[in-house]
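Computed from the coordinates by the stated procedures, all read-outs in this text should not be read as laboratory data. Only a predicted model underlies this, so the values are computations on that prediction, with no experimental measurement involved. So basically every Cβ, Gly included, is an ideal-geometry build from the backbone, and we count neighbours across all protein chains shown.
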């Protein structure tokens, strides 16, 4: 089984330095595109590979690039940003790539920057990834020294600067337009689309923001071709995917597997099944902002269309398991607290709606719930949908809530009728002050 | 007053962006790195240096939860309170920390040693529960380990 | 145009607009908060959601925020859709989770956009049962009250204050539902435009603090359309009254002049009307007691006039009508302008440039659209604040035109446009002798003495057109700057030159005229805007009259012995010594004014006149626009317009023409018949016999309360409502309920729209002209006969032992009337003199030390402020500040190094 992304990552060992990385074929794709391919050809190849954004939205990467204005009259400088903010609760896959093989990301960024003719690039990394920041900084230095970054890369005439920006908190920064505001030294409120960042992005210039895992795939697609990449997947979605499992399983972790590996395989084979004494109740397939899936979905392949058809989203592909001994209301309350805290406060429904939802869930947790509270939760799930709010934060927050209300409604109702949380083991989840 | 070293570092950040304002978050980080937090005075210094008003810079500073606008202890404990850590029982860790340090979230120990803050997801959900003290990450935490961990910080 | 379908009805709307603008322009009710016509859309509040359908077969549709959707041909939209309605009601529900139930004690109540929108959406019952968040409020200075608990986080305040008006000290702090809108710490809001927050805020977070001190609900105010008297721009205002005192000033939208905004001098300066310094009874000094009734005063005045040889001194802060009747009464030969001679000449020159030059003068709204601006010798923020606000918008024009339209971003997409253009600004060049607040926007600033500013201006004109004279001996550096300015102006679509009278230098004006003339000669769509000193300076210039000095001479040389002084403190027009000499020499000094001042102290007869709110009249602003202001409330018979007093005097004295006038309309008719330049002023407003459906226009809303009981503590029988013979407005709530003509709108109200946002309903399209056209009539059009001026001055040369004293203007402090308003007074700076820091070092003077100097015999002793900017050999002194005696500036000040200042009684501060 091919594992292009993680083949050179050995847990617990320092990542490859530039020489070591070159020795195993590193930076070949940079040489190849600079010498043999036009930016247009790179774009087409990536589009044909059917690589879909690994940050959660799953948009075709090559297609996303194709909206960047090209040619002499395009605004300059253009920017490429690697989104290494990874703040979705339950998600820890990019960390593996950042800490384990930083040169792979840099290589992917150089090729991607070339494809859109960007001359400045950023790695926007969340503050908590201290080790990753160290490794990336080191790797960027090495790449500059080796002539892979800077002016006139490998004599091609192509220039690229690369900077690391570490964030100062806020989940919002993972949203690409909010990320751009943060990079500009502003409040990380999202921006309206249109205009899309491809046209008016960082500092008002054409910009592409791609997820780390997405960018790490690029060198391999260049080296081995679109057809190879497509064949990696077990289903119609191409490539491999970094899947992860956390929660009460025997061996939580993160694994590179063919796209379309089933949930059951992830859960039972790779994660080792549930811990003794815990039963599976449900799972969030791709981070905190995806809908619950339950027992009946376990044989679904983890790819974009299958999970979507089941009423959820593959998101980041890192799943969080809800076990039978964790109160689903408390579980959702924890999530809603997170989303309410991380709302930027820009638009009304998100800013005011999420705290309301959080307060209701707290009341339920404390046994102070009332039947009408469920109706209030229902209208929030109905009206905090995409398009109704300014960005996807609140709709994302509603996904686990609406599906919990669907699959675990009885549990919600029990909190109300029994006037306390039936999960004696789990006390009411207290929000932080 | 900004130190020469701080100015040097801020100048470098300014050199990378179109206007000095664009480097304001980096500048705040630099100041916070040397003082532990951003006081009103530091905020004003940074604002003057990058050509912003105090209000404009504070608007940015107060948006981000990891720019500290109030004094913090010598070490900041960031305890993950997000979903995987919740499932894995981070509350035991939290309660133990409350008890050991005699503080709640947002407070600093009387001896100025620790400030305890909740934090959303540290990105290490497969090793929950987790916390960070300064730059050090602790994973797969148990209540029993806390004494030993805290001892490292004076 | 595009055809769109709203709830299945076709409408023709303007293409390119957003859907919300389109709906509102059609008169449809669609609630909104964060959108503002002057500031565009950001999509934050989500209140204006509508259903948009893909095509006619789409029955499900999807919710969209109408403010963020561009109108498309054939678009199908539903406002009435149930889901859309429910969502809009929920938005209010969400906002109400934290908004307090304090409408009954909230100053905004009754004129609250949030109240209106709440009613409009049908959100009636609260479902939220948890605690609300609370905030600590801030002290924001004398103008505004802060009550953050009411905030609905629409971001309008910060977008207005920071993005639109360039304020630095108000922002949004924190995140999620802890957002806080205010200052970094308690303190006075620094912007000169802060008062607009009270109208921009859709609820009661920012409210008018001066109103709070004599609070009245909007529906209980008697209001009338007025025109601001505190600078030359003539912003349209609404003055509200109850129980005989003015309660507040709010903006009266005029699409060509002030748009949605006023400056703080204009909004809060009104309190002089209520001040203890008002003249409320006629005074005849030779009688005891001095205070007397109207008829005794009239008789005494008439006999004084009959006995004496009379001259009249008019005023640039009095209406055209009052000045005209004075002129009529004393005769054209005996009518003098009550302004300093320098000011007289400069305003004449400005009028000449506008009428005989070739470049038109823009409206403020057109100023915003100009894409390259050169300002010569005018500190706009302090002399004509709203023009500064317009210039702040103009610097966005070039990037808006070049980048935003190229990126296909509609102009109303405010956040997107700002994200695209970032900090880029169009060309703005500032030439002045001290720093100004607009410098921060300037492409280049040039600081030098007025003559050097003029030289730079002439150099620019010469580079644009060789027929404009060249400037000899100009430095290479200045020439390069002139080239840069000339290039920027030539590259612009709509270049604008701004200057004015405030630096007191005619060469600066002439240089500005040459630049605009040169641009026109090169076939650019250029314009010129000139600031003049006062609200009716231009009117006085158009009317004509002799200089003040000749009035002095007439009396001092015994050609006259009696003077009528119209609404004018002569001690602000000429030196104390000169005015004292003049007044002492007069046999009879008759003064008409509304505030006690140094001149009224010297009056033998003092007649109390109505302030702007107690008077009808016409003013002509700096662009030559005649605008009518209306009396707000009836006054006791002793207080009446100056023209009323003077006409009555004329009648007593059996002046044939004056005796024939029956009222205000007759005066206007006589004035327009007699002075051709003013012929059009009668079009500024309908005549007093104007009726709609046989009815007058009520000054009071139909919900006005207490009419029959307001005065019941004095007399239980309801008094007869006062009559207004001078205007088509009635003093009561009776009258025509529909929309009045645009020049006579006493308040903005429409069913369901109680707040000022009802303005939408009075506009042809939202943010556009008022229905029936914006108020005011232009009297001046350039005829293009003036040649290039050849008056290139020599460069400024310092004079040993002297400082060239230049006037410095202050928004708060330089204007006579607003200085008497309590709130404004808190903002007036202490007197000072600014000198060049290097000069100070040479003279061994330091900051704060007192500098003693004299100008034309007037001795001054002022604390020093050091400036790196003011040219060496020059100095600056605040103009018109209380405690700083008048000097005709600029002037050479003689440094009195050894003076024993304590022996000099002239210094009054």
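Summary of values
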{"quantity": "Helix A:102-116 axis, angle to chain A major axis (alpha carbon atoms, nearest 10°)", "calculated": "70 degrees"}
{"quantity": "Of A:157, A:353, A:62, the one that fluctuates the most in a GNM where chain A has Cα springs shorter than 10 Å", "calculated": "A:157"}
{"quantity": "Cα shape, the range C:748-801, gyration tensor, a/c 1.5 rule", "calculated": "oblate"}
{"quantity": "Candidates A:299, A:48, A:237, ranked by Gaussian network fluctuation over chain A, Cα under 10 Å, top entry", "calculated": "A:299"}
{"quantity": "Chain A - Kirkwood radius from inverse mean 1/r over Cα pairs (Å)", "calculated": "22.3 Å"}
{"quantity": "Whole-angstrom gap from the range C:201-243 to the range B:62-85, using each part's C-alpha centre", "calculated": "47 Å"}
{"quantity": "Sorted largest first, extent of the range C:544-652 alpha carbons per principal axis (Å)", "calculated": "42, 35, 27"}
{"quantity": "Between the range C:409-442 and the range C:684-761, the Cα center-to-center distance that results, in Å", "calculated": "42 Å"}
{"quantity": "Ellipsoid semi-axes in whole angstrom, largest first, where each is sqrt(5λ) of the Cα gyration tensor of the range C:727-871", "calculated": "50, 25, 15"}
{"quantity": "Percent of Cα-Cα distances greater than 14 Å, calculated over the range C:587-633", "calculated": "60 percent"}
{"quantity": "Per-residue average of Cβ from other chains inside 10 Å of A:137-148", "calculated": "0"}
{"quantity": "Bridge type composition, the protein assembly as shown - antiparallel percent by DSSP, nearest 5", "calculated": "55 percent"}
{"quantity": "log10 of Debye I(q)/I(0), alpha-carbon scatterers only, for the range B:1-86 at 0.16 Å⁻¹", "calculated": "-0.61"}
{"quantity": "Projected area averaged over orientations for the range C:626-761, convex hull of C-alpha atoms, nm²", "calculated": "10.8 nm²"}
{"quantity": "Footprinting exposure proxy for C:400, A:302, C:287 (fewest neighbouring C-beta atoms within 10 Å first)", "calculated": "C:287, C:400, A:302"}
{"quantity": "Average silhouette area of the range A:57-117, convex hull of alpha-carbon atoms, in square nanometres", "calculated": "5.1 nm²"}
{"quantity": "Over the range C:333-432: Rg over Rh, Cα atoms, Kirkwood Rh", "calculated": "1.13"}
{"quantity": "Over the range C:217-327 - Rg/Rh using Cα atoms and the Kirkwood inverse-distance radius", "calculated": "1.07"}
{"quantity": "Binned Cα-Cα distances of the range C:138-220, short to long, each 10 Å bin given as a whole percent", "calculated": "18, 55, 23, 4"}
{"quantity": "Inter-chain Cβ neighbour average for residues C:646-659, partner chain, 10 Å", "calculated": "0"}
{"quantity": "Neighbour-count ranking [beta-carbon atoms within 10 angstrom, fewest first] of B:137, C:420, C:530", "calculated": "B:137, C:420, C:530"}
{"quantity": "Debye equation applied to the C-alpha atoms of the range A:1-70, log10 I(q)/I(0) at 0.13, 0.15 Å⁻¹", "calculated": "-0.55, -0.72"}
{"quantity": "Chain C: relative contact order as a whole-number percent, Cα under 8 Å and 6+ apart", "calculated": "14 percent"}
{"quantity": "Angle between chain A longest axis and helix A:130-145 axis [Cα atoms, degrees, rounded to 10]", "calculated": "10 degrees"}
{"quantity": "Sorted largest first, extent of the range C:86-129 alpha carbons per principal axis (Å)", "calculated": "28, 22, 13"}
{"quantity": "Shielding of C:39-48 by partner chains, average beta-carbon count, 10 Å", "calculated": "4"}
{"quantity": "The range A:324-382 - Rg (one decimal) and Dmax (whole number), Cα, Å", "calculated": "11.5, 37"}
{"quantity": "Principal semi-axes in Å for chain C [√(5λ), Cα gyration tensor, largest first]", "calculated": "45, 36, 27"}
{"quantity": "Which of C:749, B:37 has the fewest Cβ neighbours within 10 Å, and the rest in rising order", "calculated": "B:37, C:749"}
{"quantity": "Rg/Rh (Cα only; Kirkwood hydrodynamic radius) as it applies to the range C:478-623", "calculated": "1.14"}
{"quantity": "Spread of Cα-to-Cα distances over 20 Å intervals beginning at zero, given as percent, for the protein assembly as shown", "calculated": "9, 32, 32, 19, 7, 1"}
{"quantity": "Cα-based equivalent ellipsoid, the range A:189-318: semi-axes from gyration tensor eigenvalues, Å", "calculated": "30, 19, 13"}
{"quantity": "Largest to smallest principal axis extent of the C-alpha atoms in the range A:96-191, angstrom", "calculated": "40, 28, 18"}
{"quantity": "Spatial separation of Cα centroids for the range C:317-347 and the range C:443-474, in angstrom", "calculated": "34 Å"}
{"quantity": "Convex hull (Cα only) mean projected area of the range A:1-130, reported in nm² to one decimal", "calculated": "9.4 nm²"}
